[in-house]
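The structure appears right after this line, and notes come after that.
The values are calculated or read from the model by the stated rules, or taken from the named source; none is laboratory data. What you are looking at is a predicted structure, and each value in this text was computed from that prediction instead of being measured. Reconstructed Cβ throughout: ideal geometry from the backbone, glycine too, with neighbour counts over all protein chains shown.
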Amino acid sequence: MRSERTLRPVQLISDLVFGDAAANEALTLDHMFERWGLRPALHAARTDAHYAAVAQPLAAYRPERGDLVLLHYTAWSPAAEAALAGGWPLVLVYHNVTPPAYLEGLDPGTLAATAAGRARLRELPQQTVLALAKSAFSRGDLLAAGFGAAEVLPYAVDYGRLAVAPDPTVLARWQDGAANLLVVGRVVPHKRVEDAIKLLAHYRVYEPSARLLVVGAHDELGPYCRWLRGLALRLGVADGVHFLGQVPQPALVAYYRVAAALLCLSEHEGFGVPLVEAMHLGVPVLAHAAAALPETLGDAGVLVLRKHFPTLAALLALVARPGPLRDRLVACGRERAAAFAAERLEARWREVWERASRTRP
């Protein structure tokens, strides 16, 4: 039954776009709030064709008595600007902002948004009722920005999105006996896709036909992608490096199905949703022990402190091939992924929302 002080959730997000972790969680929360009978609203500055019927434009938001605004913060954005200008009490969901140093030389607009996102976070504590971070690593950013208190509430992952039939054309193309190493995420410098390419070159000592499948948005003509292709050519593995772009959900599930292992050698992650998806689908994970990745992976995968590629290749040969280590990682991964299921975290979200409703001025 709805409490008198449980307020209407109004989510503000800059980009409601397919494949984005923050967008996925906004949609999950919108459905959750609907189930609670709270008449939620979802407003986005930019909405792609997948979600055109789901969200309203940011400019269409008209505050009502009894609203509590939930701001998804991924960088400085029109959503953050609107929240600051409106002065509305906020529940801030901090997804982390990539330090701009990692993005030097890329799109100037993205660089400016991330630089402002780090700097202007300090303007929001005074109107924030409750600050939530996706990891203890990200919580550190909030405390450094002047939020007197912040809580860790990890991603609520809707595994229903992965419960689709895998794309048969992807299975037919890549399920041919060769070892497929998988990277999932945007192709940007802090993801260190170059390290996955270097690891592939060393791993081919064990599996000469091994390939690297990179699934995620990329700028084919941009400097980073062109440099990565040049690196693959110099290392003699250009035939095995495949940039596949952002793909529909059935194709994404199929790429997880054909993967021998997921690689995440990133230097900066606020959480790492692809790790959780891979674990849920029974794919072992090898990840760099950086930023929030150790928190997300726990003891359910292989964490590497130092990128010594000959050693990593030997370790990967044990992880990617059938055997007791792989079986153990798959079992532990499924158990770990269950902790991030949306239905597992729903009670926590309900408690948080009711508490924020009581705290709102």
Failed item in (1) touching a residue at least 24 places away in the same chain (Cβ under 8 Å); (2) within 30 Å of R39 (Cβ to Cβ), with P125 passing the rest:
(1)
Run H268 past the list (1) in a loop (DSSP other than H, G, I, E, B); (2) at pLDDT 95 or above; (3) in contact with a strand residue (DSSP E or B) (Cβ under 9 Å, 6 or more places away or on another chain); (4) not small (G, A, S) and report the number of the one that doesn't hold.
(3)
Could you list, in sequence order, the residues of region 345-361 that are loosely packed, with under 14 Cβ neighbours inside 10 Å and under 19 Å from Y159 (Cβ atoms)?
A347, R348
Here is a list of conditions, (1) part of a helix (DSSP H, G or I); (2) surrounded by 23 or more Cβ atoms within 10 Å (Cβ to Cβ), and V214 meets all of them except one; can you say which number that is?
(1)
Matching residues in region 232-270 (over 21 Å from V319 (Cα atoms) and among the small types (G, A, S)) number 6
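Only strands (runs of 3 or more DSSP E) wholly contained in region 90-203 count here; list those with 3 or more residues that are at pLDDT 95 or above and outside the structural domain of E351 (by TED's automatic domain parsing). Outline the logic, then answer.
On the way: elements: 90-94, 128-133, 180-184.
Ranges flagged: 180-184.
Taking the options A59, A55, A26, A79, name whichever one is touching a Phe, Trp or Tyr at 6+ places or on another chain (Cβ under 9 Å) and in the same structural domain as L111 (by TED's automatic domain parsing). Explain how you work it out, then say what you get.
Values: A59 fails: touching a Phe, Trp or Tyr at 6+ places or on another chain (Cβ under 9 Å); A55 fails: touching a Phe, Trp or Tyr at 6+ places or on another chain (Cβ under 9 Å); A26 fails: touching a Phe, Trp or Tyr at 6+ places or on another chain (Cβ under 9 Å).
Within the list A59, A55, A26, A79, the selection yields A79.
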Would you mind finding the one in A44, A59, A22 that is assigned to a strand (DSSP E or B) and modelled with pLDDT of 95 or more?
A44
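Can you go through R211, R229 and tell me which one is at pLDDT 95 or above and in contact with a His (Cβ under 7 Å, 6 or more places away or on another chain)? Before you say what the answer is, go through the steps one by one.
Values: R229 fails: in contact with a His (Cβ under 7 Å, 6 or more places away or on another chain).
From the options R211, R229, the qualifying one is R211.
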